[in-house]
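Down below is the structure, laid out as structure tokens.
The values are calculated or read from the model by the stated rules, or taken from the named source; none is laboratory data. These numbers come from a predicted model, not from an experiment. Glycine gets a Cβ as well: all are built from the backbone with ideal geometry, and neighbour counts include every protein chain shown.
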Amino acid sequence: MSDKLIIFDTTLRDGEQSPGASMTKDEKLRIARQLERLRVDVIEAGFAASSNGDFEAVKAIADHIKESTVCSLARANDRDISRAAEALKGAARSRIHTFIATSALHMEKKLRMTPDQVFEQAKLSVRFARNLTDDIEFSPEDGYRSDPDFLCRVLEAVIAEGATTINIPDTVGYAIPELYGNFIRHLRERIPNADKAVWSVHCHNDLGMAVANSLAGVKIGGARQIECTINGLGERAGNCSLEEVVMAVKTRRDYFGLEIGVDPSQIVPASRLVSQTTGFVVQPNKAVVGANAFAHASGIHQDGVLKARDTYEIMRAEDVGWTANKIVLGKLSGRNAFKQRLQELGIELDSEAEINAAFAKFKELADRKSDIFDEDILALVMDEAVTH
Ligand code: KIV
Ligand code: ZN
């Protein structure tokens, strides 16, 4: 089994489903560029068939992103899948992610379909997608609450039709780590062609266990892809948070023994950009990216850290992109210090002219306000940031 763990970021699709988090095409493209700098393996850019706006956003991201695979969600029908393929045409590498619900509850009450109809539709949709791409992900929505016998039947069929990734969503965040890990392990053991696909975990955080469940899916279940979002953004209580799951696997490499391609130094800039764009504030005590994640307040801890950082730190703040920020920006600051802070904040301006314009705005602000915080700079330059 591979020792590479694929990081599939769905901030721009499942994350955006968070009420109040919808983003414009330009905002999504800006975040996609930061995700590429973060070196995530797959960027789920949106749900192309859901609206013209989402189609255009997926297309723009597919046309610009070169290093990560760009993916679009599609319901299990020919129209959605064609629309996804159309939006992804310009991508260097693309994936179609198709899904249909498989739990008895969802099939009966939501889809009003019989299990046999769902089985046929799943199979035919993957067969249809196979004519358009060779990178197909299939998700049985509400998979964790589905009948395992039925799930095995569906998954075996879609793998035979050419699905290359099988993702098991805990759509409503109902799972418990050990049970979710065993659920995936049993599916993989029972399905004869299971090894032809990469297995993936997709956990929601309704009981606060999305990260723990995802890690159990990897460790116990043998999954090799984790679906996650920056800052854990997502519907209701959110999705598995990228920064937590990535740093857990990296920090406890002794336990997981897996490789991740993500560049951790881009985590904090990504977190800030997503927070600033959506207006979703990161709680101060949030692991890895919260303002207090590396702050030591008690005298005993401060003393310990001054003597040896390992006493109270299991990760280095600078490794995940925190900067010491010893330079306080104000009206006496120069253009170079300003430019450097932009880089630290993950902001990319298109040209020297844009940097000059932003610097002029900064100087105006600094005349009125003695201390300029990172939030001020982010607000000031958001309109200048690269959008095409
Ligand atoms: O939570 C879920 O079930 C999903 C699927 C569409 C993958 O987001
Ligand atoms: Zn989801």
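At least 1 residues that are farther than 22 Å from LEU258 by Cα and within 11 Å of ligand 1 (Cβ to nearest atom) in each: list the strands (runs of 3 or more DSSP E) lying fully within the stretch 131-230 that qualify. Let's see the steps before the verdict.
On the way: elements: 136-141, 165-170, 198-203, 225-228.
Because the criterion is at least 1 residues that are farther than 22 Å from LEU258 by Cα and within 11 Å of ligand 1 (Cβ to nearest atom), the strands (runs of 3 or more DSSP E) in the stretch 131-230 that meet it are 136-141, 165-170.
Exactly one of (1) more than 14 Å from ligand 1 (Cβ to nearest atom); (2) in contact with a strand residue (DSSP E or B) (Cβ under 7 Å, 6 or more places away or on another chain); (3) more than 23 Å from ILE226 (Cβ to Cβ) is unmet by LYS110. Its number?
All conditions are met except number (1).
Across the stretch 186-240, what is the number of residues that are within 15 Å of ligand 2 (Cβ to nearest atom) and basic (Lys, Arg)?
1
If I ask for residues that are within 16 Å of GLN340 (Cα to Cα) and either of a type in the set (Ser, Thr, Tyr) or crowded, with 16+ Cβ neighbours inside 10 Å (or both), which ones from the stretch 362-373 would you list? Before the answer, list the steps.
Keep residues of the stretch 362-373 that are within 16 Å of GLN340 (Cα to Cα), which gives 362-363, 372-373.
Of everything in the stretch 362-373, those that are within 16 Å of GLN340 (Cα to Cα) and either of a type in the set (Ser, Thr, Tyr) or crowded, with 16+ Cβ neighbours inside 10 Å (or both) turn out to be PHE362, ILE372.
Have a look at GLU189, GLU178, GLU161 and point out the one that is farther than 19 Å from GLY222 by Cα, at pLDDT 95 or above and not hydrophobic (A, V, I, L, M, F, W, C). Even if it seems obvious, please write down each step before you answer.
Working: GLU189 fails: farther than 19 Å from GLY222 by Cα; GLU178 fails: farther than 19 Å from GLY222 by Cα.
Exactly one of GLU189, GLU178, GLU161 is farther than 19 Å from GLY222 by Cα, at pLDDT 95 or above and not hydrophobic (A, V, I, L, M, F, W, C), namely GLU161.
Just need a number here: residues in the stretch 231-259 that are of a type in the set (Asp, Glu) and within 16 Å of ligand 1 (Cβ to nearest atom).
1
Just for the stretch 223-244: of the residues that are touching a Phe, Trp or Tyr at 6+ places or on another chain (Cβ under 9 Å) and among the polar types (S, T, N, Q), which one is surrounded by the fewest Cβ atoms within 10 Å (Cβ to Cβ)? Before you say what the answer is, go through the steps one by one.
In the first step, residues of the stretch 223-244 are kept if they are touching a Phe, Trp or Tyr at 6+ places or on another chain (Cβ under 9 Å); the result is 223-228, 231, 233.
When the remaining residues are screened for being among the polar types (S, T, N, Q), the result is 225, 231.
Details: GLN225: 23, ASN231: 28.
By that ranking, first place goes to GLN225.
In the stretch 290-326, which residue that is of a type in the set (Ser, Thr, Tyr) and part of a loop (DSSP other than H, G, I, E, B) is surrounded by the fewest Cβ atoms within 10 Å (Cβ to Cβ)?
Within the stretch 290-326, the first condition is being of a type in the set (Ser, Thr, Tyr), and the residues that meet it are 298, 311-312, 323.
From what's left, part of a loop (DSSP other than H, G, I, E, B): 298, 312, 323.
On the way: SER298: 9, TYR312: 15, THR323: 17.
By that ranking, first place goes to SER298.
Looking only at residues in the stretch 3-17 that are among the acidic types (Asp, Glu) and either under 16 Å from ASN167 (Cβ atoms) or surrounded by 24 or more Cβ atoms within 10 Å (Cβ to Cβ) (or both), which one is nearest to ligand 2 (Cβ to nearest atom)? Write out each step before concluding.
Applying the first criterion (among the acidic types (Asp, Glu)) to the stretch 3-17 yields 3, 9, 14, 16.
Now restrict to residues that are either under 16 Å from ASN167 (Cβ atoms) or surrounded by 24 or more Cβ atoms within 10 Å (Cβ to Cβ) (or both): 9, 14, 16.
Working: ASP9: 13, ASP14: 4, GLU16: 11 Å.
The qualifying residue nearest to ligand 2 (Cβ to nearest atom) is ASP14.
For ALA21, which of the numbered conditions (1) within 12 Å of the chain's Cα centre (by Cα); (2) within 18 Å of LEU378 (Cα to Cα); (3) within 16 Å of ligand 2 (Cβ to nearest atom) fails to hold?
It is condition (1) that ALA21 fails.
So, in the stretch 90-116, exactly how many residues are without any contact (Cβ under 8 Å) to a residue 60 or more places away in the chain, charged (D, E, K, R) and touching a Ser or Thr at 6+ places or on another chain (Cβ under 8 Å)?
So the answer is 1.
Among the listed residues GLU156, GLU141, GLU137, GLU178, which satisfies the condition of being among the charged types (D, E, K, R) and touching a residue at least 60 places away in the same chain (Cβ under 8 Å)?
Numbers: GLU156 fails: touching a residue at least 60 places away in the same chain (Cβ under 8 Å); GLU141 fails: touching a residue at least 60 places away in the same chain (Cβ under 8 Å); GLU178 fails: touching a residue at least 60 places away in the same chain (Cβ under 8 Å).
Selected residue: GLU137, the only one of GLU156, GLU141, GLU137, GLU178 that is among the charged types (D, E, K, R) and touching a residue at least 60 places away in the same chain (Cβ under 8 Å).
Scanning for something within 16 Å of ligand 1 (Cβ to nearest atom), farther than 25 Å from LEU12 by Cβ, in a loop (DSSP other than H, G, I, E, B) and touching a residue at least 12 places away in the same chain (Cβ under 8 Å), does the stretch 72-89 turn up at least one residue? Full working, then the answer.
Keep residues of the stretch 72-89 that are within 16 Å of ligand 1 (Cβ to nearest atom), which gives 72-77, 80-81, 83-84.
Cutting the leftovers down to farther than 25 Å from LEU12 by Cβ gives us none.
No, the conditions are met nowhere in the stretch 72-89.
Kindly list the number of the only condition in (1) out of contact with any Phe, Trp or Tyr (no Cβ under 6 Å at 6 or more places or on another chain); (2) not in a helix (DSSP H, G or I) that fails for ARG127.
Of everything listed in (1) out of contact with any Phe, Trp or Tyr (no Cβ under 6 Å at 6 or more places or on another chain); (2) not in a helix (DSSP H, G or I), ARG127 misses just condition (2).
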